[in-house]
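Taking it in order: structure first as structure tokens, then the write-up.
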Amino acid sequence: MILFWNFTDPCDIAITEVARGNKNALELVYREYGRMIISVAYQITGNLCDAEDVLQDTMIRILRLSHTYKKGTNPKAWVLKITKNSAVDKINSKKHALSFEEITEQEKSQFAFEPETDEFILIRDALKVLSREEQLIVKLRIYADLSHSEIANMIGANTASVRKKYQRALEKLKAYCEGGR
């Protein structure tokens, strides 16, 4: 007896259902990808409140753009692309607001979400040796656990390029940690 497995991502069907008007199907997309969206958004924005806003914006955009999704393609990549665009829009919208440097030290401490541990400071300082794109690739690979091809699709690059940039970034981080700065 031969068994056939259906490897279709349930979100593939859910997004198609949302496009057909079934707004309840959006809940499945949220359950499956919500944590990933928050994680990726946080890596891009660097701020938990902004990441939560990006999650909300992404879900709204999925609802509005579901008709553009092609059934049978990669729903995770599609959602990641929307997440990236939402996060970039969030960053761009904040450029017109008061810059973080203009906020007093007391106000900064009120908004600090991450502990300033020695390990945190070491990682933050080490990441500064990387370009903005390298930082994004490393964070998405390590913290969001995305594959090179998922990252490539998300940032609009080819997989080989992302893999090479990731390797170079790790070499820079290793050199920094070994004192080569």
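Before we move on, is Asp50 touching a Ser or Thr at 6+ places or on another chain (Cβ under 6 Å), surrounded by 15 or more Cβ atoms within 10 Å (Cβ to Cβ) and either part of a loop (DSSP other than H, G, I, E, B) or without any contact (Cβ under 8 Å) to a residue 60 or more places away in the chain (or both)?
So Asp50 does not fit the description; no.
Against the conditions (1) among the charged types (D, E, K, R); (2) at pLDDT 90 or above; (3) surrounded by fewer than 16 Cβ atoms within 10 Å (Cβ to Cβ), where does Glu101 fall short? Just the number, please.
Unmet condition: (2).
If Leu146 satisfies every condition in (1) at pLDDT 90 or above; (2) in contact with a helix residue (DSSP H, G or I) (Cβ under 8 Å, 6 or more places away or on another chain) but one, which is the exception?
Here Leu146 clears every test but (1).
Would you check which residues across the stretch 116-133 are over 16 Å from Tyr42 (Cα atoms) and at pLDDT 80 or above and list them?
Ala126, Lys128, Val129, Leu130, Ser131
Residue check, Asp12 against (1) within 16 Å of Asn153 (Cβ to Cβ); (2) surrounded by 15 or more Cβ atoms within 10 Å (Cβ to Cβ); (3) out of contact with any helix residue (DSSP H, G or I) (no Cβ under 6 Å at 6 or more places or on another chain), all met but one. Which one?
For Asp12, the exception is condition (3).
Can you find even one residue in the stretch 141-150 that is hydroxyl-bearing (Ser, Thr, Tyr) and over 16 Å from Gly46 (Cα atoms)?
Checked the stretch 141-150: at least one residue is hydroxyl-bearing (Ser, Thr, Tyr) and over 16 Å from Gly46 (Cα atoms).
When you check Val88 against the structure, is it modelled with pLDDT under 95, assigned to a helix (DSSP H, G or I) and surrounded by 17 or more Cβ atoms within 10 Å (Cβ to Cβ), yes or no?
no
The values are calculated or read from the model by the stated rules, or taken from the named source; none is laboratory data. Everything numeric here is computed off the predicted structure, so don't read it as measured data. Using ideal geometry, Cβ is built from the backbone for each residue, glycine included, and neighbour counts are taken over all protein chains shown.
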